[in-house]
Amino acid sequence: MDDTSPKESIPQHLDLPGQSRRAWPRRIGWAVFGLLVVAALTWTLWPQAPQQQRAGRFRLNGAMPVVAATVQKADVPVTLTGLGTVTPLAVVTIRPQIAGYLVELGFKEGQMVKKGDFLAQIDPRPYQIALEQAQGQLARDKAQLANAEIDLARYRRLAAQDSIARQQLDTQQALVHQLEGTVATDQAQIDQAKLNLDYCHIVSPIEGRVGLRQVDVGNYVQTSDTNGIVVVTQLHPISVIFSLPEDDLPQIMKRLRDGATLAVTAYDRTNTTKLAAGTLSTVDNQIDTSTGTVRLRADFDNADNTLFPNQFVNVTLLTDTLSGATVVPASAVQRGAPGTFVYVVKPDHTVAVQPIKLGPTAGDKVAVTSGLEPGTQIVVDGADKLRDGAAITLPGEGGGPAGAAGARGPGQRPQNGAAGQGQRRSQQ
């Protein structure tokens with residue numbers, strides 16, 4: 001048998017080790033070629049942003065859409081705010097002045113009463129009896145005094161005739177003076193008994209609102225009762241006591257020394273609803289060292305009962321008004337390295353940084369003391385995307401890239417990427 005026959009009988013499709021090593025470079029090459037083709041197709045078909053637009057916050061050749069406003073002149077109120085508590089000008093606890101049984105109540109809980117209105121009645125019979133006893137004792141002592149005065153007159157005549165001793169006349173005169181004192185004491189007891197009778201009939205000492213009763217009819221009340229019978233609270237007028245920092249005190253005192261009447265407005269807890277308007281009445285005589293604040297009292301008419309005792313309110317004190325001040329919207333004010341500034345709109349549709357100095361704030365308006373003139377256009381919306389010299393477009397402007405950006409308006413994303421993607425797909 002030929003020795004070469006086994007080698008020739010080997011099938012051609014079987015790879016030998018040497019042939020396998022020579023095939024690997026070709027396979028790797030085809031794989032790399034395939035990846036390059038896939039990458040090229042991906043780059044061609046994948047939507048890309050326009051080259052003229054920067055990936056960051058600012059564009060290279062586009063204008064930023066913003067909203068502008070004109071600097072105006074207006075009156076700006078100078079106000080101070082603080083937290084206050086509604087405090088009645090008078091709160092009276094009706095307590096009995098004498099002891100006795102409560103026989104009648106002349107009010108309904110929550111009723112508005114006037115000064116002198118009947119509130120309660122204590123049993124007057126014991127005090128009526130005491131008055132009658134005092135009156136009887138006074139009548140007896142008056143009779144004794146009259147008799148003593150008659151004897152004194154008789155003794156004076158006899159003493160003038162030298163018929164009696166001088167000592168007897170002096171004794172009678174002393175007796176008259178003693179009885180005069182007794183009569184005066186009796187009269188005081190009568191007045192006391194009448195006063196007790198008046199105390200049995202209890203009336204309101206002030207005008208106000210009656211609270212909940214503290215005792216019912218039939219109870220024995222005494223002067224030592226701490227709760228009393230009822231509490232009457234004055235509501236018209238009413239006051240609000242509020243606190244302000246001690247640094248605000250000089251401007252308040254200056255206005256008060258000038259004779260100005262400072263207006264005070266009370267708002268609800270959320271500081272959105274106006275409750276009442278009043279005036280500042282007084283300032284406390286010392287500063288609280290623990291808080292560094294001073295207390296003030298403002299008076300309110302409270303005709304509609306919107307203010308209720310012990311209610312917490314937000315207080316706004318008007319100290320002055322700046323007439324014809326330069327004002328800008330609060331949203332236009334920016335803060336950064338230059339300090340406080342705004343973006344001024346130039347005629348060439350670019351912006352410039354303009355440092356300003358701020359004054360008082362009134363709602364959404366801020367007074368500007370220097371740096372701006374009325375009539376200047378400033379950016380009020382979209383300023384966070386700007387820098388000095390940046391191109392802008394205003395709403396409603398058209399023509400060119402800036403006009404297209406302006407037509408979209410602030411806050412809308414450009415559609416350049418989507419439009420480019422559609423163009424490339426149509427070309428393909």
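Laboratory data are not the source of any read-out in this text; all were calculated from the coordinates shown. In this text, all values refer to a predicted model and were calculated from it rather than measured experimentally. Note that we place each Cβ from the backbone using ideal geometry, even for glycine, and neighbour counts take in every protein chain shown.
Output the relative contact order of the stretch 91-232, whole-number percent, from Cα pairs under 8 angstrom with separation of 6+ residues.
Values: 222 pairs, mean separation 72.2, N = 142.
Relative contact order here is 51 percent.
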- If the cut-off is 29 Å between C-alpha atoms, which lysines fall inside it for Lys357, apart from same-chain ones fewer than 8 positions away? Lys73, Lys254, Lys346, Lys365, Lys385
- Counting only C-alpha contacts under 8 Å and six or more residues apart, can you give the relative contact order of the stretch 304-356 as a whole percent? 20 percent
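Please arrange Ser331, Ser323, Ser204 by counting, for each residue, the other beta carbons lying within 10 Å of its beta carbon, fewest first. Let's see the in-between values first.
Working: Ser331 14, Ser323 9, Ser204 20.
Listed from fewest to most nearby Cβ atoms, that is Ser323, Ser331, Ser204.
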- Send over the per residue convex hull volume for the stretch 91-232, Cα only, as a whole number of Å³. 124 Å³
- Among the stretch 290-329, those whose backbone N falls under 20 Å of a label point 7 Å along Cα→Cβ from Thr361 are 314-323, 325-329
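How much net charge surrounds Gln97 when only other residues with a Cβ under 12 Å from its Cβ are counted (Lys, Arg +1; Asp, Glu -1)? Intermediate results must be reported in sequence, preceding the final value.
Values: positive: Arg95; negative: Asp198, Asp225.
Within the 12 Å Cβ shell, the charges total -1.
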- Task: Using the Karplus curve 6.51 cos²θ - 1.76 cosθ + 1.60 with θ = phi - 60°, work out ³J(HN,Hα) for each residue of the stretch 321-328 in order, rounded to whole Hz, and write x for Gly and Pro.
- Result: 9, 8, 8, x, 7, 7, 10, 9
- Short version: what are the Cα gyration tensor semi-axes of the stretch 243-382, square root of 5 times each eigenvalue, largest first, in whole Å? 37, 18, 15
- Local charge sum around Gln192 (other residues, Cβ-Cβ under 14 Å, Lys/Arg +1, Asp/Glu -1)? -3
- Query: Fewest to most neighbouring Cβ within 10 Å: what's the order for Glu109, Glu180?
  - Reply: Glu109, Glu180
- Counting Lys and Arg as +1 and Asp and Glu as -1, what is the net charge of the other residues whose Cβ lies under 13 Å from the Cβ of Lys365? -1
